[in-house]
Amino acid sequence: MSEHTMQFMPGAGFRARARAAVDNPALRRSFRAAMDFLIAKRSAQFDDPLELETLRTLGEQIRQYNLGKLPELLEQLEARLTGNGIQVHWAETPDEANAIILGICKAHSAKLMVKGKSMVSEEIELNHACAAAGIEAMESDMGEYIVQLAGEKPSHIIMPAIHKTKEEIAHLFHDKVDGVAYTDNVDELIQIGRRVLREKFLVADIGLSGVNFAVAETGTLCLVENEGNGRLSTTAPPVHIAITGIEKVVEKLAHVPPLLSLLTRSATGQNISTYFNMISGARRPGEKDGPHEVHLVLLDNGRTQAYADEQLRTTLQCIRCGACMNHCPVYTRIGGHAYGTTYPGPIGKIVSPHLLGLEATATLTTASSLCGACGEVCPVKIPIPDLLMRLRSEAFSAPHDDPRLRGQGAARSRLMSGVWQIWARIYRSPTLYGITSWLASRFNCLTPSRQGPWTAVRTPLKPAPKRLRDLLKEKA
Amino acid sequence: MQTQGVAGKRPADIYFFATCVVDQFFPGAGLDAITLLEREGIRVHFPVAQTCCGQPAYTSGFPDQARAVAAHQLTLFPENWPLVVPSGSCAGMIKHHYPRLFADDPQRRAQAEALSLRVYEFTDFLVNVLGYAAQDQGAECTVVLHTSCSARREMGVHLSSRQLLDGMKGVTVAMQDHESECCGFGGTFSLKQPEISAAMVADKLESLKATGAERVLSADCGCLMNILGHAAWKDAQDGQTSATLPGEHIASFLLRRTEQGAAK
Amino acid sequence: MNASARQRIFAKLRSAPVLPKAAPDVAAWYAAHRSAELPAEKVARFRRHIELAHAEVHLVSAASWPQKLAEILAARQIGRLLLAPGTPHGARARSALTAEGVACPTYEAPIERWKAEMFHDIPASLTAARCAIAETGTLVLWPDAHEPRLMSLVPALHIVLLDAGKIYNTFHEVVEQEAWVAGLPTNALLISGPSKTADIQVTLAYGAHGPKELIVLLQGDEA
């Protein structure tokens, strides 16, 4: 694998990366086409608006109910998993999570880890930690495999390599995979990936996966996938390590079918994924395959911060379908990498402040026109625009001695506060508004022709010579 | 959500909240909306002390400043008359966000909640309260309609503009690709992330122009400011001396098309 | 360190001011939005959906399915089929296929002893499905000692025998009627087509990591 893999830097440089992305026509075309495709697929799945609306409400209720008793459910989950022979580990930070995983690897003298798709493993930068410990961590989801070969990171949580054209992937395989002739036939490219990765599944010491839903009442880890690499990762190697955020637990098995339906239909417009893999234990006596050990690492990494606030807690309802990014006009234009965070798009903008602090992520919260498309399609009704506004206000608020949010007040500036103070003073006073708006109209010939970023692609804003109130006075 | 049809219960009086954008930048649109309402036999009251709904500060992360401005507007509409707003965005602010803005202020919250119930977006009011149908007098023309994100997703009134135009005999409404996508305005978003906003408005203009429509209509002047501002800039870049895609508020279009001997 | 991470996480969660929310009524949603269909309708719906997902479905009878199985293998010139002779269907398939000259390896030993052979030399497998789901065209498998997990995953061709009488309307109905809460196997699987991916330029390709072909022998009263 490449030693020089992409490093994410949220905040700093966001505008420069966004500018580079909007100025890249090939990238724009790739994302526009892919997002249009996913939007159309989702839309075809939800042809009955009443069914969609009631199912979204049910999804929201399920997630809110389970978050409402999260501590209790986590205890129940731990007890049931342990009873099923699955070992449970707790990590407050990415470093702790990596240490736990590397510890398990070392106990088995592991050399090779094959990974099913796991965004939480991206969140903790597990691949870097493995490399530093001399363990080869091999991505096996086709999209993840492609971005790993390229030394990049996923640009979409469901479709990691969506930013690449098949020609780029063809060159990549030709350059990086031994003995591969150039082909841009997608079937052939996938078969190349299959051949390479099968040999890895055959010899891997550890299989790592994420978790879509963890069921407390039965102690079951549920995984959604289409390729079969998730099943291979969790079945073929002697040890399976699953990692997930603490918010993914649901109390009842009966909660799973509606969430699964919302997830696959919202994500890729499939009525169900090819595989739904429910793991309730390691290999038992008499069974002939499956891992001898199964571990679950439960990660906090800022989730408890979101949990502490009633409004921000809705962030944790997320089931990671990616529909918000598919429908986001900003994401569609800049792609996933520009965000500089593991989770891009609208969900990334509301999750990342808890993971990384507002110092690093306040800029991201401004990268939304608040058009509401994300909230409209969210299968569990997360009010994403409201959360963005809340995070903006937290970023601008006065710093607290005991901040409820990491980086609270990080974007505060005297200038911005002053501008809005003056604005409020004018607009809350009919007299001041009357004078300033009259002056602006009366002397509209003095309106500057350059108005900062506005006039980069627009004609200047010029007040009309007479305001509506003046016209009404004349009319009367 | 869109107002359920209560045509027949025509109010005699309404308040008109023009919005700061209409007052200062699109006064003609405001005047036309008022004229249209008066022609329907309604007394339109325009409290001159009105300024701005407070949304710019609110969406920018300055709720305290928004609250100060909103608190002033709350005092201006004491009678139990409908409050008609020629903008889905500002109507949405008053209807949905005022009650939350004053969540911790019991007296103002009660006022905001009461006001919320009688806030109407202009086209919704025309169609679903007045049962208005435009008697089109104009020549054949093709228009394209841009609906604001707030009208569509917050107010749920995106069908009413469409309904008004569909009922006009000389008017054909062209459909643009990515119709429901944001134009890229987003208030201060256009200043804070100008590159992304520029890419969005450029795509929007391209989609609108690709329909071949003669003009673009919208019920929100914020979007129009953005789209028409970009269209004029693009025309200047391309050396066009007249607007390749003129546009206006739907109120102005409706009024003009329903006057005797109306032109386009 | 680890015990304390747990304590710290729980301390933070417990200090949050959380009001309990009403339990969701999942059953009511399904009752309102998913009608219970007649057996023939369920068969048709199951078939339509799994075929849309690129699986091949053959209607067979209890008497005829071993013959159909042999034909399928012959048409693909496959001479080896992994099956479970300890199951009634496995035993029947073996006796029918050995007569046709098809080799029938079995999953006798733990995978560690023959992983490479499984990965390289087994072109096809036969397993039964426990039941199926009409709404999504889904096969439900509970791998066990006879038909372990990898049997439905590693061979490029997976053939599944399904009793048409065991098709439920929804996944929710399966979980409820089969009382899954009372006890789940180490691995329960829903399979809704052959392995696939759209990770390269949203172009669909089959046989990503699992079976390239999924064939369902749908066993009904008549065929």
Go through segment B:78-110 residue by residue and tally those that are within 14 Å of chain A (Cβ to nearest Cβ), among the hydrophobic types (A, V, I, L, M, F, W, C), in contact (Cβ under 8 Å) with a residue 60 or more places away in the chain and not in a helix (DSSP H, G or I).
2
Options A:Ser273, A:Ser261; residue that is part of a helix (DSSP H, G or I), closer than 20 Å to C:Leu190 by Cβ and either touching a residue at least 40 places away in the same chain (Cβ under 8 Å) or touching a strand residue (DSSP E or B) at 6+ places or on another chain (Cβ under 6 Å) (or both):
A:Ser261
Any residue in segment C:101-112 that is crowded, with 22+ Cβ neighbours inside 10 Å and more than 7 Å from chain A (Cβ to nearest Cβ)?
no
Just one of the numbered conditions (1) more than 8 Å from chain A (Cβ to nearest Cβ); (2) surrounded by fewer than 24 Cβ atoms within 10 Å (Cβ to Cβ); (3) over 24 Å from C:Gly86 (Cα atoms) is not true of C:Val202; which one?
(1)
Of the residues that make up segment A:440-454, is at least one on the phi > 0 side of the Ramachandran plot, at the interface with another protein chain (Cβ under 10 Å from one of its Cβ atoms) and without any contact (Cβ under 8 Å) to a residue 40 or more places away in the chain?
yes
What number of residues in segment C:1-33 are touching a residue at least 12 places away in the same chain (Cβ under 8 Å) and either among the aliphatic types (A, V, I, L, M) or more than 9 Å from chain A (Cβ to nearest Cβ) (or both)?
2
Considering only residues that are more than 8 Å from chain C (Cβ to nearest Cβ) and surrounded by 22 or more Cβ atoms within 10 Å (Cβ to Cβ), which ones fall in segment A:271-294?
A:Pro291, A:Val294
Would you call C:Leu184 in contact with a Ser or Thr (Cβ under 8 Å, 6 or more places away or on another chain) and among the aliphatic types (A, V, I, L, M)?
yes
For A:Val224: the one exception among (1) within 16 Å of A:Gly290 (Cβ to Cβ); (2) more than 9 Å from chain C (Cβ to nearest Cβ)
(1)
Hey, which of the strands (runs of 3 or more DSSP E) in segment A:179-244, taking only ones fully inside, have at least 2 residues that are touching a Pro at 6+ places or on another chain (Cβ under 8 Å)?
A:206-209
Report yes if some residue within segment A:65-83 is modelled with pLDDT of 95 or more, assigned to a strand (DSSP E or B) and touching a strand residue (DSSP E or B) at 6+ places or on another chain (Cβ under 6 Å); otherwise report no.
no
Does C:Ala44 qualify as being touching a helix residue (DSSP H, G or I) at 6+ places or on another chain (Cβ under 9 Å) and small (Gly, Ala, Ser)?
no
Any residue in segment A:461-476 that is in the same structural domain as A:Cys445 (by TED's automatic domain parsing) and within 23 Å of A:Gln451 (Cβ to Cβ) sitting within a Cβ distance under 9 Å of a residue that is part of a helix (DSSP H, G or I) and of a type in the set (Val, Ile, Thr)? List the pairs, counting only those 6 or more apart or interchain.
A:Leu461/A:Thr455; A:Leu468/B:Val22; A:Leu468/B:Ile34
Give the residues of segment A:196-214 that are more than 9 Å from chain C (Cβ to nearest Cβ) and of a type outside the set (Lys, Arg), sorted by residue number.
A:Val196, A:Ala204, A:Asp205, A:Ile206, A:Gly207, A:Leu208, A:Ser209, A:Gly210, A:Val211, A:Asn212, A:Phe213, A:Ala214
Determine which member of the set A:Thr342, A:Thr361 is part of a helix (DSSP H, G or I), under 17 Å from the mean Cα position of the chain (by Cα) and either surrounded by fewer than 24 Cβ atoms within 10 Å (Cβ to Cβ) or of a type in the set (Ser, Thr, Tyr) (or both).
A:Thr361
When every residue in segment A:245-258 that is in contact with a helix residue (DSSP H, G or I) (Cβ under 6 Å, 6 or more places away or on another chain) and not in a helix (DSSP H, G or I) is compared, the one surrounded by the fewest Cβ atoms within 10 Å (Cβ to Cβ) is A:Glu251
Between residues in segment A:160-184 that are touching a residue at least 60 places away in the same chain (Cβ under 8 Å) and within 9 Å of chain C (Cβ to nearest Cβ) and residues that are among the β-branched types (Val, Ile, Thr) and part of a helix (DSSP H, G or I), which pairs lie under 7 Å by C-beta distance while being six or more apart or on different chains?
A:Lys164/A:Ile146
Collect the residues in segment C:155-180 that are touching a residue at least 40 places away in the same chain (Cβ under 8 Å), over 21 Å from C:Leu218 (Cβ atoms) and crowded, with 19+ Cβ neighbours inside 10 Å, keeping them in residue-number order.
C:His172
Among (1) of a type in the set (Val, Ile, Thr); (2) under 12 Å from the mean Cα position of the chain (by Cα); (3) closer than 25 Å to A:Met416 by Cα, there is one condition A:Thr366 misses while meeting the rest; what is its number?
(2)
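Only one of A:Gly210, A:Gly134 is closer than 20 Å to A:Tyr343 by Cβ and at pLDDT 95 or above; which?
Among A:Gly210, A:Gly134, only A:Gly210 is closer than 20 Å to A:Tyr343 by Cβ and at pLDDT 95 or above.
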Would you confirm, using the coordinates I've provided, whether A:Asn98 is under 23 Å from the mean Cα position of the chain (by Cα), closer than 30 Å to C:Phe10 by Cβ and without any contact (Cβ under 8 Å) to a residue 40 or more places away in the chain?
yes
Number of the exception - A:His240 against (1) at the interface with chain C (Cβ under 10 Å from one of its Cβ atoms); (2) touching a residue at least 12 places away in the same chain (Cβ under 8 Å)
(1)
Given (1) touching a residue at least 60 places away in the same chain (Cβ under 8 Å); (2) loosely packed, with under 15 Cβ neighbours inside 10 Å; (3) within 12 Å of chain A (Cβ to nearest Cβ); (4) not in a loop (DSSP other than H, G, I, E, B), identify the lone condition not met by C:Glu41.
(3)
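The values are calculated or read from the model by the stated rules, or taken from the named source; none is laboratory data. Since the structure is predicted, the reported quantities are computational estimates derived from the model, not experimental observations. Because the Cβ atoms are built from the backbone with ideal geometry, glycine has one as well, and the counts that use them run over all protein chains shown.
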